[in-house]
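Below: the structure, in structure tokens.
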Amino acid sequence: MSKANNRLLKSWIEVKPDSDFPIQNLPFGLYTDNKVEHHACVAIGDHIIDLYELAYDGFFDAIEMPHDTLKQNSLNEFIALGKTITNKVRERISELLQDTNNELKDHKELHPLVLKKQSDVKMLLPVHIGDYTDFYSSIDHATNIGTMIRDPKNALMPNWKHIPVGYHGRASSICASGHSFHRPKGQSKPADSDQPVFGPSKLLDIELETGFIIGKATKLGESVSTEKADDHIFGMVLFNDWSARDIQTWEYVPLGPFLAKNFASTMSPWIVTLEALEPFRTKGYEQEPKVLPYLEYKGERNLDINLEVYLVPENGDENKICTSNYKYMYWTMEQQLAHHTVNGCNINVGDLMASGTISGPKPSEYGSMMELTWRGTKPITLKDGTERKFVNDNDTIIIKGFCQSGALRIGFGECKAKLLPAI
Ligand code: MN
């Protein structure tokens with residue numbers, strides 16, 4: 001395991017016990033402020049560390065890395081240097097931030113350029129996402145949806161336990177956390193009508209998801225095995241795959257989601273490296289029936305990541321509406337990637353592969369409003385006494401995620417967006 005993961009390490013920068021960003025995490029991101037257009041950075045406590053400035057001042061001179069990769073409008077070129085380099089960068093940052101190291105600590109004149117408060121900078125979408133795929137890999141979610149819209153006895157389609165089902169999504173409308181967007185309009189067909197109608201979606205929903213970012217490309221015709229998959233996964237993010245259920249119900253047969261999903265998706269700005277998540281590996285659901293050989297994997301390949309969803313009404317309090325966990329995924333990332341590429345489909349650095357809605361077995365663990373309110377039949381009551389069946393105009397949705405083992409907490413920060421009224 002990486003030296004940077006040593007749980008005894010402490011930083012000279014203050015990190016509060018409930019911070020998502022201790023020295024053992026060091027997730028990568030891209031920021032801007034009134035002086036910097038876009039520089040690579042890592043998070044530590046309530047601060048960011050500007051990596052381009054560190055490179056400029058010679059702190060990465062022992063690593064063979066073109067410094068320009070740290071001031072692009074995405075992290076793609078940096079990530080494309082490969083894990084040998086990016087892991088060395090993470091190890092070096094860890095060294096510089098340790099309380100026993102004075103190299104950066106004592107260079108106080110550099111601190112205004114290198115060390116900035118997170119509240120003073122704006123985080124950008126960290127990668128240029130060429131292609132985005134969304135899976136459907138939570139068995140509890142797929143079972144709930146199948147029960148609601150088809151038949152409780154045959155909730156899962158016959159292919160579900162054999163194939164990590166997915167669809168190709170839309171990358172252009174993926175936004176960094178902190179954005180807002182207008183309620184989408186589209187076609188739907190009310191149950192009591194023979195004809196479709198056009199108008200603002202009435203059933204605007206969230207999907208609690210995570211995503212992984214591709215860190216190593218393949219050529220057309222190549223496949224990635226489950227064993228090699230981790231070499232191609234740079235790290236993970238939180239993801240809200242906003243969904244218009246009324247539009248989806250009318251349009252999805254036979255080719256799957258289209259306009260119900262492509263109007264906006266929200267991604268958290270920090271990419272937590274697979275290396276930082278390594279201590280939180282855990283067992284997944286047992287896969288029965290046995291999967292085909294190209295989907296087999298060894299060891300504990302799931303991850304124990306606590307996931308939470310909060311709904312915040314306009315000028316209101318945070319209401320926690322769901323507590324789930326990534327460990328409820330039936331298909332692992334390695335299986336998803338092996339399946340995605342088994343036919344020779346090529347992948348590129350920066351591609352995003354999202355998990356699909358992550359629901360757990362308990363009703364409080366359901367990862368969408370559709371499931372939480374059981375299609376609107378069991379509304380949620382908020383602290384202010386109002387009810388929600390789906391997301392209302394001017395509601396803000398925040399997804400949070402963190403791994404916890406004893407005092408060690410490796411978190412993702414926030415994935416936050418506000419729904420504005422239709423225009
Ligand atoms: Mn989804």
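Quick notes on this one:
- Here region 96-205 is treated as an ellipsoid with the same Cα gyration tensor; its semi-axes, largest first and in whole Å, are 47, 23, 13.
- Checking every one of the GluC sites (Glu not before Pro) in region 1-68 against DSSP loop status and a limit of 16 other Cβ atoms within 10 Å picks out GLU14, GLU37, GLU64.
- Rh by Kirkwood over Cα pairs, then Stokes-Einstein D for the chain at 0.692 mPa s and 37 °C, µm²/s: 148
- Mean-position separation - Cα centroids, region 353-423 and region 241-286, in angstrom: 13
- The residues of region 132-420 present an accessible area of 42 Å² per residue when probed at 1.4 Å with all protein chains retained.
- Taken along its principal axes, the alpha carbon cloud of region 1-144 reaches lengths of 56, 33, 31 Å, longest axis first.
- Lys pairs, region 7-102 - Cα-Cα below 23 angstrom, 8 or more residues apart or on other chains: 4
- Spatially proximal aspartates and glutamates relative to LYS185 (Cα-Cα < 12 Å; intrachain offsets below 8 disregarded): ASP246
- Backbone phi angles across region 368-373, fed through the Karplus curve with coefficients 6.51, -1.76 and 1.60 (θ = phi - 60°), yield HN-Hα couplings of 9, 5, 3, 7, 4, 9 Hz in residue order; Gly and Pro are listed as x.
- Rg/Rh for region 298-423 (Cα atoms only, Rh after Kirkwood) is 1.03.
- All lysines inside 25 Å of LYS362 as judged from Cα atoms, apart from same-chain residues fewer than 8 positions distant: LYS153, LYS161, LYS283, LYS320, LYS327, LYS378, LYS383, LYS389, LYS400, LYS416
- Shown are GLU318, GLU308, GLU300, whose ranking by accessible area with a 1.4 Å probe and every protein chain present, most to least, is GLU300, GLU318, GLU308.
- Debye-sum result for region 3-51 in log10 I(q)/I(0), which assumes one identical scatterer on each alpha carbon, at q = 0.23, 0.29 Å⁻¹: -0.83, -1.10
- Based on Cα contacts under 8 Å between residues 6+ apart, region 3-123 shows a relative contact order of 31 percent.
- Normalised contact order of the chain, rounded percent, pairs of Cα under 8 Å and 6 or more residues apart: 20
- Whole-angstrom gap from region 1-68 to region 146-188, using each part's C-alpha centre: 35
- For region 362-405, the Kirkwood hydrodynamic radius from C-alpha pairs, put into Stokes-Einstein at 10 °C and a viscosity of 1.306 mPa s, yields a diffusion coefficient of 133 µm² per second.
The values are calculated or read from the model by the stated rules, or taken from the named source; none is laboratory data. Given the structure is predicted, the values throughout are model-derived calculations rather than measurements. FYI the Cβ positions are ideal-geometry reconstructions off the backbone, even for glycines, and counts take in every protein chain you see. Surface accessibility is based on the protein's heavy atoms, side chains included, excluding ligands, DNA and RNA. Shrake-Rupley method; radii C 1.70, N 1.55, O 1.52, S 1.80 Å.
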